[in-house]
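A.B. asks: Could you have a look at this structure, given as structure tokens, before my questions?
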Amino acid sequence: MQLQSMAAEKLSPAAPPADAAIAIDDVTLRFVTPDGHMMTAIRDFTMTVARGEFACVVGPTGCGKSTTLNLVTGLLRPTTGNVRVMGNPVTDISRDIGFVFQADALFPWRSVIDNVAAGPLYRGTPKAEALERARDWIARVGLARFEKHYPHQLSGGMRKRVALAQTFINQPKILLMDEPFSALDMQTRTAMQDELLGLWSEQKSSVVFVTHDLEEAVALADKVYVLTAGPGTVKSVYRIDLPRPRVMADIRYDPKFIEIAKVIWNDLREEVQLGQSRGLQTGH
Amino acid sequence: MTAISSTDRATAREASIAVAEARARARLRRRYALVIGLRLAILIVFLGLWELGADYNFIDPFFFSSPSGIWQQIWSWVTEGTSQGPLWLQMYVTLEETFLGFVIGALGGIAAGIILGRNRLLADVFSIYIKIANSVPRVVLGSVFIIALGLGMASKVALAVVMVFFVVFANAFQGVREADRAMIANARILGASPWQITTTVIIPSAMSWILASLHVSFGFALVGAVVGEFLGAKQGMGLLISTAQGAFNANGVFAAMIILAVMALVVEFIITRFENYVVKWRPAPFNEQGA
Ligand SMILES: Nc1ncnc2c1ncn2[C@@H]1O[C@H](COP(=O)(O)OP(=O)(O)OP(=O)(O)O)[C@@H](O)[C@H]1O
Ligand SMILES: [Mg+2]
């Protein structure tokens, strides 16, 4: 296939270079389930994200995508193998990392501005300065009129934007996002994707973006990781050579985009079907 | 032409909305008046039947008192004082014991709940002892405290403390355990230290559990103080009840009971105000939003 070499080049997994932003090297992670068994969540997992690179991870549900992100934060430790962030082994939660959670993780008892200022305040920034920066970020995500609102007074899309501001205010060098937009409607999601790409190119951070939505992955990423049904491992890696800057509302009609999405979907489909049939067999 | 007629329609619509709103408000006011009126009516009928029953000896006022007898008793306590001294002093003593017991028990319960809630090992080790201690009928401890701490204030405060502690502890513990894991992880990644997580995530998210327990446990503190006084004291509302009981003075027992109920209601009101102030971030329940 000519196109595959042109826009969606399939890469062969290789041992990560030492200076990568994120290097997950041959990691296996097993959970001890409540009944005392071992459950392999991911196995022989190798992944590299270069500095300034935007990587997307797609795979069937339960294949270990969230687990992978938690390995990078240090909230989870690998059973075997090692994880390096900015060249250093992950020992504790790194100050360089920002994480936008799959679930809503705002603090409901704090107003929008106090939520956004939480990061700098935790890190010891003086209060006036933290609020100043928070105000700036709230304006950038278009919520200037809602500073004093509490999360329950905002719509789902607005809460997601607060979560983005809360993460970006720490200016993370590494940005991890776990299906951040999956609960949003099409229009809001497209707008947020544009905002995200804007912020990313401005901050020059390295991103790992987990999603169920293959088209979202192709539209955003430099590199797409396709995982196998659980226990997850990397099935294939594609380099997406669509030109930047990309406009989310238009890119999905780009013939090149459609071709790439088709190629990757053929790869992913088997895993999704496998994951579903396995889910039916084991009853969950 | 068309523009004019459309603004006309708009003003007409505005007017009809205003009329409907006024009607809805009037309906709400009428309903509110009806509820208050019915409440008063029930109170009057109840007191009237009680008084009449006592007058015509359907109800023996010697055992069950009567509204007028209770009122006379309260009035004489207010104007002439009780056999143990002025009424306000009795109220003050009981309230002081209750408050001390409430505050110490609540703070202890919150602290223990948070420490055990945050530490799995401590929780697993101590849970068995807490279960045992909790299953002892606490009022019985009153006798122990009177023997150990004497007839003064300390024994009543101690009883109030144990009454309050376990309720608040259980709620604080549960609240800490229910704190959202994603929220805690979020705070850690944003840069919070363990202490910051406890103060800015764990305590606020356990707050609604803790406040709920404070409501009930103030009543428990009052029970502890009164029962303590009942068992042996020199001052207080509990002693007033026990003296009246010894003299077969039903009026005195009922009068003291009503004074205690009023004290409890006033404090309950204050706690509710405090709660609304502390958790103002919470969404209003749907029925309140409508009203
Ligand atoms: N704390 C845990 N203890 C035991 N098993 C776990 C734990 N966390 C996750 N798992 C298991 O690990 C596997 C991978 O979970 P993970 O949350 O990474 O999936 P995911 O790919 O993010 O799924 P989704 O797309 O639905 O979010 C699942 O089978 C899950 O049951
Ligand atoms: Mg997940």
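Just so it is clear, none of the values below were taken in a lab; they were calculated from the coordinates. Keep in mind that what you see is a predicted model, and the values were worked out from it rather than measured. When we count neighbours, we look across all protein chains shown, and the Cβ atoms used for this are built from the backbone with ideal geometry, even at glycine.
A.B. asks: Can you work out which of the residues in segment A:83-118 that are at the interface with chain B (Cβ under 10 Å from one of its Cβ atoms), surrounded by fewer than 18 Cβ atoms within 10 Å (Cβ to Cβ) and of a type in the set (A, V, I, L, M) is nearest to A:R43 (Cα to Cα)?
C.D. replies: A:I93
A.B. asks: Can you name the number of the only condition in (1) crowded, with 21+ Cβ neighbours inside 10 Å; (2) farther than 21 Å from A:T167 by Cα; (3) within 13 Å of chain A (Cβ to nearest Cβ) that B:N171 fails?
C.D. replies: (3)
A.B. asks: Let me ask something else. Right, A:A144: touching a Ser or Thr at 6+ places or on another chain (Cβ under 7 Å) and hydrophobic (A, V, I, L, M, F, W, C) or not?
C.D. replies: No: the conditions fail for A:A144.
A.B. asks: Another one. Filter segment A:119-137 for residues that are facing another protein chain (nearest Cβ under 9 Å) and part of a loop (DSSP other than H, G, I, E, B); which is farthest from A:K65 (Cα to Cα)?
C.D. replies: Ranking the candidates gives A:G124 first.
A.B. asks: Something else: Give the residue that is nearest to the other protein chains (Cβ to nearest Cβ), with candidates limited to residues of segment A:56-81 that are under 13 Å from the mean Cα position of the chain (by Cα) and away from ligand 1 (no atom under 12 Å from the Cβ).
C.D. replies: A:T73
Here's the yes/no breakdown for (1) at negative phi; (2) free of Cβ contacts under 8 Å to residues at least 24 places away in the same chain; (3) more than 13 Å from chain A (Cβ to nearest Cβ); (4) under 15 Å from the mean Cα position of the chain (by Cα):
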position	(1), (2), (3), (4)
B:R181	yes, yes, no, no
B:I189	yes, yes, no, no
B:A212	yes, no, yes, yes
B:V226	yes, no, yes, no
B:E229	yes, no, yes, no
B:G236	no, no, yes, no
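A.B. asks: Quick check on segment A:63-73. Is at least one of its residues more than 13 Å from ligand 2 (Cβ to nearest atom) and either within 30 Å of A:S155 (Cβ to Cβ) or in contact (Cβ under 8 Å) with a residue 60 or more places away in the chain (or both)?
C.D. replies: Scanning segment A:63-73 turns up at least one residue that is more than 13 Å from ligand 2 (Cβ to nearest atom) and either within 30 Å of A:S155 (Cβ to Cβ) or in contact (Cβ under 8 Å) with a residue 60 or more places away in the chain (or both).
A.B. asks: Go through (1) touching a residue at least 40 places away in the same chain (Cβ under 8 Å); (2) surrounded by 18 or more Cβ atoms within 10 Å (Cβ to Cβ) and name the single condition A:H212 misses.
C.D. replies: For A:H212, the exception is condition (2).
A.B. asks: Output the number of the condition that A:G142 fails; it satisfies all remaining conditions of (1) within 13 Å of chain B (Cβ to nearest Cβ); (2) over 15 Å from the mean Cα position of the chain (by Cα); (3) not polar (S, T, N, Q); (4) not in a helix (DSSP H, G or I).
C.D. replies: (1)
A.B. asks: Considering only segment A:157-174, how many residues are buried (at least 20 other Cβ atoms within 10 Å of the Cβ) and assigned to a loop (DSSP other than H, G, I, E, B)?
C.D. replies: 3
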